[in-house]
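Written below as structure tokens is the structure these notes are about.
The values are calculated or read from the model by the stated rules, or taken from the named source; none is laboratory data. All values derive from a computational prediction rather than experimental measurement. Cβ placement follows ideal geometry from the backbone for every residue including glycine, while neighbour counts extend to all protein chains displayed. To get the accessible areas, we keep the full protein, side chains included, count just its heavy atoms, and leave off ligands, DNA and RNA. Shrake-Rupley method; radii C 1.70, N 1.55, O 1.52, S 1.80 Å.
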Amino acid sequence: MTEPAGAGRGQAGRVGDSTRRPDQLPSGRHGLLRSFVAANQRERILSAVAQATAELGYAEMSVEAVITRAGVSRRTFYEHFKNKEDAFLAAYDAAVRAVVRQVRRAYLQETTAQARLRAGIGAFLQFLASDPELARMCIVEVLAAGPRAIARRNETMRMFAEIIEDNIHELVPSCRRPPLTAETIVGGIHEAVFSRILAGRIDELPGLADDLLVAILMLDVDRQELSPGR
């Protein structure tokens, strides 16, 4: 499979053109394996989805906006995806897989619940801060992408809550409702991240790890201590 001449931005398909993307393959005969070409095209489309969504918002993001940024033809786009929603979901899923790998890698290097939680939160925040376009797509624009995207987002939050729940008794010894506590922790972290991405303050995220951990550890309170008169 080769890229049609003229794919992407006007004459960007010409070899040696200064507007060619660094990851864009040469046009015409190049001797590359069909599977390699297809994988390269797909990766460029997914990257372009994040870029277009962050710049335009999901509602205004279009197939044309994606193919322009990816440097592929419309035909190539539809060889990989049915429509913009299909491409968005694929880009979201790929981003979630990447952040889960990074979080788990950091998490599994630690031996105590507190250290694991701190490492996991830090890795999550660093991942988002390192790619603002991906962060906006996954945290903000996913809420505008329809029921299927919101279901994916809810599944992701449940997955992170389950990771925390596995350590909740060591982390919060007096906890009587581990699932709710874990859900609260994940929701609180998400809200702190969401508000900063929305306000264009994504660079603040890595510095929140310790404060978020302190806030989480404050959940170690017996319910009876909150009763009136105590």
> Do you know which residues across segment 55-88 are outside any helix (DSSP H, G or I) and among the hydroxyl-bearing types (Ser, Thr, Tyr)?
Replying inline: Tyr58, Ser62, Ser73
>> Restricting to segment 172-185, name every residue that is under 18 Å from Leu208 (Cβ atoms) and buried (at least 20 other Cβ atoms within 10 Å of the Cβ).
In response: Ile185
>> Looking at (1) in a helix (DSSP H, G or I); (2) open to solvent by less than 20 Å² (accessible area, probe 1.4 Å); (3) over 18 Å from Cys138 (Cβ atoms), which one does Ala50 not meet, given that it meets all the others?
In response: (3)
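State yes or no: is Leu180 farther than 23 Å from Arg104 by Cβ, at pLDDT below 95 and in a helix (DSSP H, G or I)?
Judged against the criteria, Leu180 is a match.
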